[in-house]
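First comes the structure, then the notes that go with it.
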Amino acid sequence: MKNIAYYNGKTAPIEEMMVPMNDRACYFGDGVYDATCVVNHVPMAFDDHIDRIYRSAKLIDIDIPMEKAEMKRMLQELVDQVEGDTLFLYWQVTRGVGMRNHPYSGAGDKPSIWAFVRPSKMRDPFGVYKCITVEDKRFFYCNIKTINLLPAVMANEKAMEAGCDEAIFHRGDRVTECSHSNVHILKNGTLYTAPCDELILPGITRAHILNICKANGIPVVEEPFTLEDMMNADEVFFSSSSALTCRIGEIDGRKVGLKDEKTFSVIRDGYQKEIRREAGLA
Ligand code: PLP
């Protein structure tokens with residue numbers, strides 16, 4: 001198949017899938033999601049993503065009506081039906097179907113499980129990308145991978161309109177993360193990345209990058225850094241499960257980074273190697 005969608009046990013091509021209007025996703029964005037790239041029909045860092053969606057769900061009082069192993073099996077069955085070397089796997093759990101009403105105790109039959117798989121193209125890991133900065137106007141639940149994404153959607157649209165690849169969020173001086181990725185800097189051979197508090201999503205790629213740094217003797221500082229730190233860094237890059245690691249060469253029209261390819265390439269190549277190994281390609 002070219003793509004596939006799933007909703008509470010039903011499957012169909014995504015363009016044909018119908019969902020109930022009263023699913024609380026439609027009115028409130030009342031749910032959580034996760035996503036990863038699939039290489040050679042192997043979902044990357046699958047267990048990490050499964051664990052995170054259960055963690056996100058728990059943080060908003062959703063009890064997922066499916067065991068982790070069953071969720072993995074169901075998603076793998078979807079993946080196996082779609083053609084392509086690289087795919088995008090997305091899934092979400094919403095509070096369920098019920099008449100529109102803000103409080104959720106007693107609302108919704110039971111949580112709904114949604115998923116889709118479609119072909120995707122990986123970004124060029126050797127590319128140099130452009131970003132804009134955008135004031136971070138999101139709320140304080142950024143550690144939860146909720147489907148409430150309006151500020152992220154608006155920031156990403158702004159980036160696209162400016163001919164850029166990502167929007168980097170900041171709260172005042174402090175850089176938080178990007179619209180759909182984490183952002184990191186290198187200075188004098190040390191990796192600086194924002195700490196995992198309620199202002200950022202604890203990225204799975206971020207966690208793998210930190211492990212690669214530790215394994216290769218690259219010091220890591222998990223502390224807030226500023227816009228000025230970022231503009232003066234030796235390297236700036238963003239990371240996510242679908243973008244992997246993307247080196248940034250321009251922010252708000254100003255040249256940045258591109259001064260420590262040696263350290264950046266240890267991270268980039270280390271992660272590429274991990275992906276190939278996991279996909280059974282190396
Ligand atoms: N931060 C935000 C806001 C995101 O939406 C994402 C990915 O979707 C990330 C960071 C990167 O997370 P991961 O590496 O787990 O894909």
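Checking the conditions here, which among ILE168, ILE147, ILE185 is outside the structural domain of ASP34 (by TED's automatic domain parsing), within 15 Å of the chain's Cα centre (by Cα) and under 18 Å from GLY257 (Cα atoms)?
ILE168
Kindly indicate whether ASP51 is loosely packed, with under 14 Cβ neighbours inside 10 Å, under 19 Å from the mean Cα position of the chain (by Cα) and under 28 Å from GLU198 (Cα atoms).
no
Residues being within 13 Å of the ligand (Cβ to nearest atom) and surrounded by fewer than 21 Cβ atoms within 10 Å (Cβ to Cβ): count how many of those fall in region 54-67.
So the answer is 1.
Among ALA25, ALA35, which is the only one that is assigned to a helix (DSSP H, G or I) and either in the same structural domain as SER239 (by TED's automatic domain parsing) or under 27 Å from CYS142 (Cα atoms) (or both)?
ALA25
Conditions (1) of a type in the set (A, V, I, L, M); (2) not in a helix (DSSP H, G or I), marked per residue:
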{"residue": "ASP48", "(1), (2)": "no, no"}
{"residue": "ILE53", "(1), (2)": "yes, no"}
{"residue": "MET71", "(1), (2)": "yes, no"}
{"residue": "GLU77", "(1), (2)": "no, no"}
{"residue": "GLY84", "(1), (2)": "no, yes"}
{"residue": "GLN92", "(1), (2)": "no, yes"}
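So MET71 clears everything in (1) surrounded by fewer than 18 Cβ atoms within 10 Å (Cβ to Cβ); (2) away from the ligand (no atom under 16 Å from the Cβ) except one condition, right? Which one?
Failing condition for MET71: (1).
Look at region 186-205 and say how many of its residues are away from the ligand (no atom under 12 Å from the Cβ) and touching a residue at least 60 places away in the same chain (Cβ under 8 Å). Reasoning before the result, please.
Filtering region 186-205 for residues away from the ligand (no atom under 12 Å from the Cβ) gives 186-192, 195, 197-198.
Narrowing further to those that are touching a residue at least 60 places away in the same chain (Cβ under 8 Å): 186, 189, 191.
So the count comes out to 3.
Test ILE212 against the stated conditions and say whether it is assigned to a helix (DSSP H, G or I), among the β-branched types (Val, Ile, Thr) and within 16 Å of the ligand (Cβ to nearest atom).
Values: assigned to a helix (DSSP H, G or I): yes; among the β-branched types (Val, Ile, Thr): yes; within 16 Å of the ligand (Cβ to nearest atom): yes.
For ILE212, the condition - assigned to a helix (DSSP H, G or I), among the β-branched types (Val, Ile, Thr) and within 16 Å of the ligand (Cβ to nearest atom) - is met.
Cβ-Cβ distance below 6 Å, separation of 6 or more or different chains: which pairs start in region 135-160 with a residue that is over 18 Å from LEU227 (Cβ atoms) and end on one that is part of a helix (DSSP H, G or I) and within 12 Å of the ligand (Cβ to nearest atom)?
Between residues of region 135-160 that are over 18 Å from LEU227 (Cβ atoms) and residues that are part of a helix (DSSP H, G or I) and within 12 Å of the ligand (Cβ to nearest atom), the close pairs are ILE144/SER56; LYS145/SER56.
Which residue out of TYR54, TYR90, TYR27 is over 23 Å from SER181 (Cβ atoms) and out of contact with any Pro (no Cβ under 7 Å at 6 or more places or on another chain)? Please lay out each step first, then the result.
Numbers: TYR54 fails: over 23 Å from SER181 (Cβ atoms); TYR90 fails: over 23 Å from SER181 (Cβ atoms).
The match here is TYR27.
What number goes with the only condition from (1) surrounded by fewer than 23 Cβ atoms within 10 Å (Cβ to Cβ); (2) within 18 Å of the chain's Cα centre (by Cα); (3) not hydroxyl-bearing (Ser, Thr, Tyr) that VAL175 does not pass?
VAL175 satisfies all of (1) surrounded by fewer than 23 Cβ atoms within 10 Å (Cβ to Cβ); (2) within 18 Å of the chain's Cα centre (by Cα); (3) not hydroxyl-bearing (Ser, Thr, Tyr) except (1).
The values are calculated or read from the model by the stated rules, or taken from the named source; none is laboratory data. For clarity, every value in this text was computed on a predicted model and none was experimentally measured. We place every Cβ from the backbone using ideal geometry, glycine too, and count neighbours over all the protein chains shown.
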